[in-house]
Amino acid sequence: MEQEGAALIDIGGESTRPGAPPVDEAEELDRVMPVIEALTRELALPLSIDTSKSAVAAAAVAAGVEFVNDISGLTYDPQMAAVVAASGAGLIVMHTRGKPEAMQQNTDYDDVVGDVVSSLQQSISCAEAAGVALDKIAIDPGIGFGKDAAGNLELLRQTATLAEFGRPIMLGTSRKSFIGQILDQPNPVDRSVGTMATLALGYAGGARIFRVHDVAASRQTVMMAQAVCQGAAWPVR
């Protein structure tokens with residue numbers, strides 16, 4: 001991933017896919033800490049810890065991780081905001097509805113974009129109240145987390161709405177099930193073409209951080225989208 005052009009490596013020890021069972025704190029630490037300790041020695045890239053547990057975040061940052069990626073938007077663990085603030089780490093807050101094991105049981109919204117915007121504002125306010133500087137916060141609308149295919153498409157169509165926060169926008173669409181539904185690709189590894197379309201359109205909508213599986217192809221897709229968006233100002237080699 002580093003060789004293919006990744007800018008950040010995200011490490012997680014608990015699956016957050018819809019329907020995934022929870023992992024306890026001790027097991028999550030056992031899974032992620034050896035990986036973090038090895039990667040901080042071997043990579044020049046910054047690392048992110050994908051966790052909703054404050055104790056895991058604290059241990060990871062103490063071991064050299066620079067960002068905390070909380071899919072719950074600070075809602076699962078009341079200590080998370082304070083831990084991140086004390087650590088000085090960057091913070092990514094995501095919108096979700098419910099825990100992974102049940103999130104896809106409630107995907108009806110009157111206004112999915114409005115609900116996501118409101119929830120992210122609450123997460124940002126919570127972080128700031130705990131002492132996290134605004135310039136250390138990025139936001140993620142949570143594609144695939146408590147949303148159906150229509151909701152995911154609407155969030156992607158209106159990504160620019162999130163620009164009102166003035167914070168970097170992260171998108172995680174890679175290989176997700178709504179792409180498989182739309183393209184009739186049940187196998188996640190066959191969803192790369194659909195994924196690249198979401199990256200290009202996401203960039204055009206204002207997203208600047210992309211959580212992906214296929215790093216090299218994704219980087220080229222985003223570079224091309226960036227060139228188109230900049231037009232003649234792009235420095236053609």
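List of remarks:
- Restricting attention to the range 138-164 and to residues that are touching a helix residue (DSSP H, G or I) at 6+ places or on another chain (Cβ under 7 Å) and of a type in the set (D, E, K, R), the residue that is modelled with the lowest pLDDT turns out to be LYS147.
- Residues considered: ILE11, ILE92, ILE36. Of these, the only one that is among the hydrophobic types (A, V, I, L, M, F, W, C), surrounded by 19 or more Cβ atoms within 10 Å (Cβ to Cβ) and under 17 Å from VAL212 (Cα atoms) is ILE92.
- Where GLU164 falls short, out of the listed (1) free of Cβ contacts under 8 Å to residues at least 40 places away in the same chain; (2) assigned to a helix (DSSP H, G or I); (3) under 28 Å from ASP111 (Cβ atoms); (4) of a type outside the set (Gly, Ala, Ser): (1)
- Restricting the range 95-116 to residues that are among the aliphatic types (A, V, I, L, M) and either crowded, with 24+ Cβ neighbours inside 10 Å or touching a residue at least 12 places away in the same chain (Cβ under 8 Å) (or both), the residue that is nearest to PRO46 (Cα to Cα): VAL116
- Among the residues making up the range 123-178, those that are more than 19 Å from ARG97 (Cβ to Cβ) and acidic (Asp, Glu) are GLU128, ASP135, GLU164.
- The listed residue being surrounded by fewer than 17 Cβ atoms within 10 Å (Cβ to Cβ) and not basic (Lys, Arg), out of ALA227, ALA207: ALA227
- Failed criterion for GLU154 (all others in (1) without any contact (Cβ under 8 Å) to a residue 40 or more places away in the chain; (2) assigned to a helix (DSSP H, G or I); (3) more than 23 Å from LEU74 (Cα to Cα) hold): (1)
- Residues located in the range 183-208, provided they are of a type in the set (D, E, K, R) and either assigned to a helix (DSSP H, G or I) or without any contact (Cβ under 8 Å) to a residue 40 or more places away in the chain (or both): ASP184, ASP190, ARG191
- Filter pass, PHE178 being modelled with pLDDT of 95 or more, under 23 Å from PRO21 (Cβ atoms) and among the hydrophobic types (A, V, I, L, M, F, W, C): yes
- Residue satisfying all of: in the range 127-140; surrounded by 15 or more Cβ atoms within 10 Å (Cβ to Cβ) and not in a helix (DSSP H, G or I); farthest from the chain's Cα centre (by Cα) among these: VAL132
- Test for PRO188: is it closer than 22 Å to ARG219 by Cβ, of a type outside the set (A, V, I, L, M) and either surrounded by fewer than 18 Cβ atoms within 10 Å (Cβ to Cβ) or out of contact with any helix residue (DSSP H, G or I) (no Cβ under 9 Å at 6 or more places or on another chain) (or both): yes
- Exactly one residue out of GLN79, GLN121 is within 18 Å of the chain's Cα centre (by Cα), over 17 Å from GLU14 (Cα atoms), surrounded by fewer than 23 Cβ atoms within 10 Å (Cβ to Cβ) and not hydrophobic (A, V, I, L, M, F, W, C), and it is GLN121.
- Close pairs (9 angstrom Cβ cut-off, 6 or more residues apart or separate chains): free of Cβ contacts under 8 Å to residues at least 24 places away in the same chain and more than 20 Å from ASP10 (Cα to Cα) in the range 171-182, of a type in the set (S, T, N, Q) and surrounded by 18 or more Cβ atoms within 10 Å (Cβ to Cβ) anywhere: ILE179/ASN152; ILE179/THR173; ILE179/THR195; ILE179/THR198
- Within the range 117-145, residues that are under 14 Å from VAL84 (Cβ atoms) have Cβ atoms under 9 Å from residues that are among the charged types (D, E, K, R) and in a helix (DSSP H, G or I) in these pairs: ALA127/LYS136; LEU134/GLU128; ILE137/GLU128, counting only partners at least 6 apart in sequence or on another chain.
- Looking across ILE143, ILE124, one residue alone is in a loop (DSSP other than H, G, I, E, B) and under 26 Å from THR161 (Cα atoms). It is ILE143.
The values are calculated or read from the model by the stated rules, or taken from the named source; none is laboratory data. Everything numeric in this text was worked out from a predicted model, so none of it was measured. Cβ coordinates were reconstructed from backbone atoms using ideal geometry, including for glycine residues, and neighbour counts include every protein chain displayed.
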